[in-house]
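Here is the structure we will look at, set down as structure tokens.
The values are calculated or read from the model by the stated rules, or taken from the named source; none is laboratory data. Please read these numbers as outputs of a predicted model, since none were measured by experiment. Every residue, glycine among them, receives a Cβ derived from its backbone with ideal geometry; neighbour counts consider all protein chains shown. Calculation scope for accessible area: heavy atoms of the full protein, side chains included, ligands and nucleic acids excluded. Shrake-Rupley method; radii C 1.70, N 1.55, O 1.52, S 1.80 Å.
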Amino acid sequence: MTHSAPRHAWLLLLLLPGTAAAQTLETETARFHPAHWLQVASGFEGQFSAEGREAAVPVAIEYALTGTWELLVEPVPYTAIRPKAGPRATGLGDLEVTIVRRLWNETTGRPAVALAGEVKIPTAESPLIGTDKTDYTGYLIASRRVGAVDLHANLGYTFLGKPAGLNLHNLIDFAVAGTINVGSTMAFAEILGNTAAAGGPENSAAPEVAGGELSGTIGFGRHLGHNLFVTFGASYDNTHAVLLRPGFTLRLH
């Protein structure tokens, strides 16, 4: 996961109906909040590997336009890349904007299903942080409750903006997550990954370009009052990087 913190290190939202949302996982959900629901989530990410350290402070602003449409805006106001060797970078990350459309609710015979479209806007100033190109991603989202476990799965395809001189492949993205609630506490776990945009886990000519990624996450969250939800998660990926993420979600309406 090295040099890709703005896209994959912050694991995006998994929203639970009727609660303050948990900004805990990258897996999207097909469960929607009521119209005009607004919330803001943020936190700190610290990633550690044999190659060095990375840090980011992402923000996610979500608004339920209606009962079936939701908008998610995700700036990264601070990113720091500190490899043990080579150049370093500090600055803005890329901005992601996602629109989600629910197709149908869960019933006895089928899961809840939604579609999402995401645009990555290249606001990062350093080539170590972003590619300076726009990416487009489409997702199919499914959610289903099995006993006490709430399960969510995504399958997506990303059309990458191609930096000059690089032969890159578009990405197939996937994510599977589950949560269990016990009172005001939630435990969660997730596996997510994508195919490689270029050969190897990292492209030496453009280190921000994703190689094939596979990561697992476990963590927990707890409600502190009606409008505040705090979380802590830990991830480990196929480059042997460890990512720690304390965060919070604040419901504003």
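If 229, 220, 32 are ordered by their accessible area, calculated over protein heavy atoms with a 1.4 Å probe, which sequence runs from highest to lowest?
So the residues, ranked largest to smallest area, are 220, 32, 229.
So for 152, 223, 253, 36, what's the accessible-area order with a 1.4 Å probe, most first?
253, 36, 223, 152
Can you give the accessible area of residue 248, probe radius 1.4 Å, in Å² rounded to 10?
80 Å²
Work out how much length residue 218 to residue 195 would gain on full extension: take 0.36 nm times their residue separation and subtract the Cα-Cα distance, in nm to one decimal.
Extending this stretch completely gives an extra 6.1 nm.
Under a crude label model (7 Å from the Cα following the beta-carbon direction), how far is residue 250 from residue 103 in nanometres?
Result: 3.7 nm between the two label points.
For segment 32-92, what does the convex hull of the Cα positions come to per residue, in cubic angstrom?
Given the Cα convex hull of segment 32-92, per-residue volume reads 87 Å³.
Which FRET efficiency, nearest 0.05, do residue 236 and residue 182 yield, Cβ-Cβ r, R0 25 Å?
Once rounded, the FRET efficiency stands at 0.55.
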